[in-house]
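The values are calculated or read from the model by the stated rules, or taken from the named source; none is laboratory data. Here the structure is a predicted model, which means the values were calculated and not measured. Counting neighbours? That spans all protein chains shown, and the Cβs are built from the backbone with ideal geometry, glycine included. Quick note on the areas: whole protein, heavy atoms, side chains included, nothing else; ligands and nucleic acids left out. Shrake-Rupley method; radii C 1.70, N 1.55, O 1.52, S 1.80 Å.
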Amino acid sequence: MPLVCLRDFQAYAQKHLSKSTWDYIEGGADECFTRDDNITAFKKIRLRPRYLKDVQEVDTRTTVQGEEITAPICISPTGFHCLVWPDGEMSTARAAQAAGICYITSTYASCALEDIVATAPRGLRWFQLYMQSDKQLNKQLVQKVESLGFKALVITVDVPKLGNRRQDIQNQLDLKMNLLLKDLRSPKERNPMPYFQMFPIDASFCWNDLSWLQSITRLPIILKGILTKEDAELAVKHNVHGIIVSNHGGRQLDDVLASIDALAEVVAAVKGKMEVYLDGGIRTGNDVLKALALGAKCVFLGRPILWGLAYKQGEYGVEEVLNIIKNEFHTSMALTGCRSVAEINQDLIQFSRL
């Protein structure tokens, strides 16, 4: 039986992955309220379609940071893809290139950055950076990704400390113990660092440190994990180039706003001075449309990409996931009377009273 929606890929992955790997992918912080609310919050938004429009031609193309993509649906940074499929991030990169979208590669990629680039040389790539306590290591990573042709730096801001992920603690996350992070190593070390010995994330990194980061790279800097107007206004003040509204898939601080519920506040705060994106809870083409109607320039998929990676020889499963949600989005546009992404606006939605 063919898989016809992203939920089908989720069910397939749960059946075929080990329990500890599945728990790592699906797990959230504490009671997982925010993880689940990311999805249910979309169901509180209703669509207001407009009819009798010529939608024979519907164009899903848009741009992110000036680069054209085939649809406003890209890939979030998630780590350790080799847990799901042996080729790991190389398969993900090939699928993103084939789909004509952006792929944000994680600091905690389980494939070498050189291999990821070599396997998908024409792909649009951004690099997600967890700021490490070793400043030289940060500089080394930034210079490396810039030389490899990555087009932006995505700084994850919501992990000064790892969230309380109960299932990972119960499982003792033994699979990670065998993974090597090929790009996370001290400049003084020749060998990659095992996960359990890797450098700690820098809990002291703050707004004033952004100027140092900007001084060592020409890449646009995007902040991932912003949820409030106050932090959005500070992002504008510090001259970053974009924001990803995100709560880390509900994996960090539980009981925060669903990403989609925080989006409008952030969009209003930046006043068009930078692009705003969203991740968390995107499962259908309608979800994509709703996020764009609330001001997102693009959405990013996290868990669904890993579900796809677990299916049908890695990259082909990811391609199917992307094709399904892109086709759903195309249908959503046509059925609401939108011929281009530029025509999607807040008039297309209303919040349910239920």
Counting only residues that are open to solvent by 10 Å² or more (accessible area, probe 1.4 Å) and in contact with a helix residue (DSSP H, G or I) (Cβ under 9 Å, 6 or more places away or on another chain), how many does segment 140-149 have?
3
T63: passes all of (1) part of a loop (DSSP other than H, G, I, E, B); (2) at pLDDT 95 or above; (3) surrounded by fewer than 22 Cβ atoms within 10 Å (Cβ to Cβ); (4) not charged (D, E, K, R) but (1)
Does I244 count as outside any helix (DSSP H, G or I), at pLDDT 95 or above and surrounded by 22 or more Cβ atoms within 10 Å (Cβ to Cβ)?
yes
Inside segment 183-239, can you point out the residues that are under 14 Å from D158 (Cβ atoms), acidic (D, E) and either in contact with a Gly (Cβ under 6 Å, 6 or more places away or on another chain) or modelled with pLDDT of 95 or more (or both)?
D231
If I ask for residues that are assigned to a helix (DSSP H, G or I), more than 17 Å from the chain's Cα centre (by Cα) and over 10 Å from L83 (Cα atoms), which ones from segment 21-35 would you list?
D23, F33
Check segment 155-168 and report whether any residue there is among the acidic types (D, E), out of contact with any Cys (no Cβ under 6 Å at 6 or more places or on another chain) and not in a loop (DSSP other than H, G, I, E, B).
yes
For residues that are touching a strand residue (DSSP E or B) at 6+ places or on another chain (Cβ under 8 Å) and charged (D, E, K, R), scanning just segment 282-336, find the one that is farthest from L348 (Cα to Cα).
K326
Restricting attention to segment 39-60, report how many residues are outside any loop (DSSP other than H, G, I, E, B) and of a type in the set (A, V, I, L, M).
4
Residues that are hydrophobic (A, V, I, L, M, F, W, C) and touching a residue at least 60 places away in the same chain (Cβ under 8 Å), drawn from segment 1-24
L3, V4, C5, L6, F9, A13, L17
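Out of the residues in segment 11-20 that are part of a helix (DSSP H, G or I) and of a type outside the set (F, W, Y), which is surrounded by the most Cβ atoms within 10 Å (Cβ to Cβ)?
Going residue by residue through segment 11-20, those that are part of a helix (DSSP H, G or I) are 11-16, 19-20.
Restricting the remaining residues to those that are of a type outside the set (F, W, Y) gives 11, 13-16, 19-20.
Working: A11: 12, A13: 23, Q14: 14, K15: 9, H16: 12, K19: 10, S20: 18.
Among them, the one singled out is A13.
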Quick one: how many residues across segment 262-304 are β-branched (V, I, T) and in contact with a Phe, Trp or Tyr (Cβ under 9 Å, 6 or more places away or on another chain)?
4
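From the set of residues in segment 247-290 that are part of a helix (DSSP H, G or I) and among the small types (G, A, S), which is surrounded by the most Cβ atoms within 10 Å (Cβ to Cβ)? Can you show your working first?
To start, the set of residues in segment 247-290 that are part of a helix (DSSP H, G or I) comprises 248-250, 259-270, 285-290.
Now narrow it down to the ones that are among the small types (G, A, S): 249-250, 259, 262, 264, 268-269, 285.
Numbers: G249: 22, G250: 28, S259: 30, A262: 23, A264: 17, A268: 13, A269: 20, G285: 24.
The selected residue is S259.
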Show the residue pairs that are 6+ apart or on different chains and have beta-carbon atoms under 6 Å apart, the first residue being within segment 208-235 and within 27 Å of L257 (Cα to Cα), the second being assigned to a loop (DSSP other than H, G, I, E, B) and among the basic types (K, R).
none
